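Below is one structure, written out as C-alpha cells; the observations come after it.
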Amino acid sequence: MTVVKENNVAQLMSIRQKQLLNQINALHYQKTPLIICMQHKSHNYCVYLKASPDPVVDESITATWIKEESSPPFLSSFDLIKIILNTNRGSYEFKPEIYRIGDRTISFTVPETAVESGFRKQIRFTCVEKKIPVTLTQNAIVFSGKLLDYSVKGILVDLHAGEDLSFTWLNKNAPAMLTVQCDNYPVYTGQVTLSPRGQGQYLLIPDMEATPRYTPRKYRTRRQKLVPSPDLLFDHPITGKKVRLKITDLGSLGFSVNEKATRAALIPGLLIKNAKISFTNNLVIPCMMQVVYCEADEKEPGTVRIGCAILDINIQDHLQLINFIQQAQNSSTYISNQIDPEDLFDFFFETGFLYPKKYAELANKREEMMQSYLTLYQSGVEISRHFVYQQQGQILGHFSTLRVYRQTWMNQHHAALRSQRAGLQVVRAISEYMNDSYQLNPTNIKYIIGYFRAANKFPQHYFGKYVQEVMNPKISSLDCLSYINEARRFVGAPTELSSGWVLEPATISDLTEFYGYYQNVSGGLLPEGLDMIPEEFGDQTLSEIYRKCGLIRKRELHVLRYHNSPKALIDIQSSDLGLNLSEITNAITVYMIDPSTNYFDMVSFAVHQFALQKNKMSDPVMVFPNNYLNSCGFQVDKEYSLWCLDISLASESYMDWMNRYC
C-alpha cells in the first residue's frame, strides 16, 4: 500500500470500453494487478491497493484483493476514487459508476471510456511471484528481503528487520547499496536512495550514473551500424519478460540499443548472463552482457539509449562478431576466412615472401606443410588467426598470428601485393583485433611477439621504431638473436661433456638465474613473452590446446651446468612443420646465462646431442645474446630481432602509433 495525497490529473487521451476489457484480460494473463485508489472519508488521504482481476467476459468485473501487511483491515472508511490499469501500452484510469466493495473482492462495471493516467509514467513490473531475494547495505548494516515490483525509476522491496536489526538504523538521507539476486547469482548491485513506504517497505531509487565496465580508453573499439540491424534477445533477469531490442550500433566489446522511455527496464549495472545477438534465426551469438549507461536519446524523443558491454563470449563467436564489423567497414577485409593453401602459397611466391633461398629450405617438406596449412586455414582452430585483404577472389594482403606460448601470440607471414593499402589494412585489422580481444581473454592474450630481420624495412619501421618511441622495455622491447639455418652445422661438436659439466632438465631456480642475467643485459619482455619465468615452469596448457586442434606443440627445457652453476638454458621446441616458415616453432634455442667465459664447445655438444635425439638436424638453432657466437668465431646465417609487446600496458600508446599510419 502507498499513502499519498490525491492530485488532479490532466486528461491526455482515452480508450474505449472494448479496449479496456482486452487490457484487463491481458493483465490477468500477465498476473499483473489492478491499482485501486481509495480515499479516507474523514481524513482525505488516499491509499493505493492491489487487486487481481478475474478473466473478463463482459463489462462486469470481479477482482480479488491482494492483502499486504500495510493494507487497511477494513475498507468501510474509504471511498473508491478510481481504478488504474498499468498496461504494456500505457497507464489508464476510470471511476466506475456501479461498484461493490467487499472484504475479499471488489466488483464493478467498466465504463464506456477510460483516460490516460498520470499516476505512473513508467511501467512497473510486479515481481512478487518470482520471490527475488535482495539485500540492502548501508554503513555495514545489511538487511535482507524480497523484491515486490521493479522499474527503472524505483524498485519496491520488502525488508526484514528481525530481532537484531532496526529500520530506524536506515538513514533515508544517505545512499545505500542494493543487491538483487536471481537463480543464486547477483544480477544487479548498485547505489540507491531510500524512500520509506512503511512496514519495512522501501522504494529504492537506483543511481542512473554510467558504470563503465572497462577502463576508459582513447582508442575504443570502432562501432558500426549494420544493415539490417541485428537484434538483442534476452530474458530480463528481474521481470522475467522476454525482450527483443534492435541493436543500433555494434562493436567487438559492446553495443547500444534503444528502449521506449515509458517501458524501459534496463538500468546501469544490470547483468544479463544469457543474452543473444541475433543476425538471423540461424545465426545467433550468445554472450554475457552488462548495462553500462542509460541516457535520453536526443534524436528520438521518448526514447532511452542503452549502452551495453560484452563481458564474456566464446572465442570463435567473438572472432565472427569482429569479422562482421570489419566486413561492414571494409568489404575487402576478412578474418580467419577459409583459404585454399595453394592460393596462399601462390600469393607468397608472387609477393616474394617465399624467396628462392627460403623455398629451397622448405621444398622437400611440401606435403607436411600443406597438411598444417589445411588445419590452420580451413578448420577454424583457436590457436591461429589470419587477416586477409582480398578483392575479386585475389589475395592482396595477408597477416597471421599464432598462439605460441600460454599468453603470447606471434605475428608472422606479413606480405602484400604491391599495395601499401592492403599491407596497412591487415596490420590495422590484426592490431584492432588484439587490442579488443585481450580485454575479453586476458588468460591467453597478453603478449604479442614477432621475429624480423633489421633489413626488413616494414617491421623495422612499424614495430622497431615504436620501441624507440615508447622508451620503456616493460611495455615493448627488442632483443637480437643469432639464427643458424640447420642444427647439423654443429656436427663438429665434442662427443662428451668435459669434467664438471652436466646437461639435465632445468629447474625453477635456473629460470630465476636466467631472469636475473637477462634483466642486467636487456630488461625487456623476453622471459615473460616466451614463458621463461618461474611462474610458467612446466605448464602444459598450450600443448593440450594444440592436441585438441589436431596439431603438435611440445617443449623441453634443459640446463647446461658447470659445478652446479647454470651456464645456459636449452629450449627444444617441436611442432608441425610449416606453422612458421622460418621454423622458429621447431627450433633449438640457447639462452646464455654466463657468456663472459668461452664454453662454446659445451654449448655445441648440447645442441648436437638434442638435434640427434629429437631428429632435428635440419631444424634451425637460435642463440641469445646475438653476439655470443660471433665472439666464439662461429659464423651465423642471420640475425633476428625479437619484438615483444605487453598489450595490457601498451594498448593506448600502440594504437596511437598505428593510427598515424593506418
> Looking at the stretch 67-86, which of its residues are without any contact (Cβ under 8 Å) to a residue 60 or more places away in the chain, within 28 Å of Q23 (Cα to Cα) and hydrophobic (A, V, I, L, M, F, W, C)?
Replying inline: L75, F78, L80, I83, I84
> How many residues are farther than 20 Å from N258 by Cα, touching a residue at least 60 places away in the same chain (Cβ under 8 Å) and touching a strand residue (DSSP E or B) at 6+ places or on another chain (Cβ under 7 Å) if we restrict to the stretch 312-328?
Replying inline: 7
> Does any residue of the stretch 92-103 turn out to be assigned by TED's automatic domain parsing to the domain that holds A26, crowded, with 17+ Cβ neighbours inside 10 Å, under 24 Å from Y202 (Cα atoms) and touching a Cys at 6+ places or on another chain (Cβ under 9 Å)?
Replying inline: no
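From R385, R428, grab the single residue that is assigned to a strand (DSSP E or B), under 21 Å from the mean Cα position of the chain (by Cα) and either surrounded by fewer than 18 Cβ atoms within 10 Å (Cβ to Cβ) or assigned by TED's automatic domain parsing to the domain that holds C480 (or both). Write out each step before concluding.
Values: R428 fails: assigned to a strand (DSSP E or B).
Within the list R385, R428, the selection yields R385.
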> Going by the conditions given, is I141 hydrophobic (A, V, I, L, M, F, W, C), touching a helix residue (DSSP H, G or I) at 6+ places or on another chain (Cβ under 8 Å), surrounded by fewer than 19 Cβ atoms within 10 Å (Cβ to Cβ) and outside the structural domain of R305 (by TED's automatic domain parsing)?
Replying inline: yes
>> Can you say whether L354 is in a loop (DSSP other than H, G, I, E, B), in the same structural domain as Q573 (by TED's automatic domain parsing), within 26 Å of D637 (Cβ to Cβ) and among the hydrophobic types (A, V, I, L, M, F, W, C), as far as the supplied structure shows?
In response: yes
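Wholly within the stretch 231-271, which strands (runs of 3 or more DSSP E) include no fewer than the required count, namely at least 2 residues that are under 27 Å from P133 (Cα atoms) and not β-branched (V, I, T)?
Details: elements: 231-235, 242-250, 254-260.
Per the criteria, 231-235, 242-250.
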> Which of (1) touching a strand residue (DSSP E or B) at 6+ places or on another chain (Cβ under 8 Å); (2) surrounded by fewer than 18 Cβ atoms within 10 Å (Cβ to Cβ) does T168 not meet, given it meets every other one?
Replying inline: (1)
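Please indicate, with yes or no, whether at least one residue in the stretch 107-117 is crowded, with 20+ Cβ neighbours inside 10 Å and outside the structural domain of I36 (by TED's automatic domain parsing).
So in the stretch 107-117, the residues crowded, with 20+ Cβ neighbours inside 10 Å come out as 108, 110, 114, 117.
Still in the running and outside the structural domain of I36 (by TED's automatic domain parsing): none.
Checked the stretch 107-117: no residue is crowded, with 20+ Cβ neighbours inside 10 Å and outside the structural domain of I36 (by TED's automatic domain parsing).
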>> I need a count of the residues in the stretch 115-146 that are in contact with an Asp or Glu (Cβ under 8 Å, 6 or more places away or on another chain) and modelled with pLDDT of 90 or more.
In response: 2
> If we scan the stretch 35-56, do we find a residue that is assigned to a loop (DSSP other than H, G, I, E, B), surrounded by fewer than 19 Cβ atoms within 10 Å (Cβ to Cβ) and hydrophobic (A, V, I, L, M, F, W, C)?
Replying inline: no
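Applying the selection to the stretch 554-565, what residues are part of a strand (DSSP E or B) and free of Cβ contacts under 8 Å to residues at least 60 places away in the same chain?
Within the stretch 554-565, the first condition is being part of a strand (DSSP E or B), and the residues that meet it are 554-562, 565.
Once the filter is applied, which keeps residues that are part of a strand (DSSP E or B) and free of Cβ contacts under 8 Å to residues at least 60 places away in the same chain, the stretch 554-565 yields K554, R555, E556, L557, H558, V559, L560, S565.
Can you tell which of L530, L511, L525 is without any contact (Cβ under 8 Å) to a residue 60 or more places away in the chain, under 36 Å from the mean Cα position of the chain (by Cα) and crowded, with 17+ Cβ neighbours inside 10 Å? Walk me through it before giving the result.
Working: L530 fails: without any contact (Cβ under 8 Å) to a residue 60 or more places away in the chain; L525 fails: without any contact (Cβ under 8 Å) to a residue 60 or more places away in the chain.
Result of the check over L530, L511, L525: L511.
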>> Can you pull out every residue in the stretch 578-591 that is touching a residue at least 40 places away in the same chain (Cβ under 8 Å) and either in a strand (DSSP E or B) or touching a Ser or Thr at 6+ places or on another chain (Cβ under 6 Å) (or both)?
In response: G578, L579, T585, I588, T589, Y591
> Mind checking whether some residue in the stretch 451-462 is within 27 Å of the chain's Cα centre (by Cα) and either at pLDDT 85 or above or not in a helix (DSSP H, G or I) (or both)?
Replying inline: no
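Taking the stated definitions as given, is E361 closer than 29 Å to C549 by Cβ, at pLDDT below 90 and surrounded by 15 or more Cβ atoms within 10 Å (Cβ to Cβ)? Please lay out each step first, then the result.
On the way: closer than 29 Å to C549 by Cβ: yes; at pLDDT below 90: yes; surrounded by 15 or more Cβ atoms within 10 Å (Cβ to Cβ): yes.
Criteria met by E361.
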>> Of everything in the stretch 469-498, what is farther than 30 Å from W657 by Cα and exposed (fewer than 15 other Cβ atoms within 10 Å of the Cβ)? Give them in sequence order.
In response: V491, G492, P494, T495, E496, S498
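The values are calculated or read from the model by the stated rules, or taken from the named source; none is laboratory data. In this text, all values refer to a predicted model and were calculated from it rather than measured experimentally. Note that we place each Cβ from the backbone using ideal geometry, even for glycine, and neighbour counts take in every protein chain shown.
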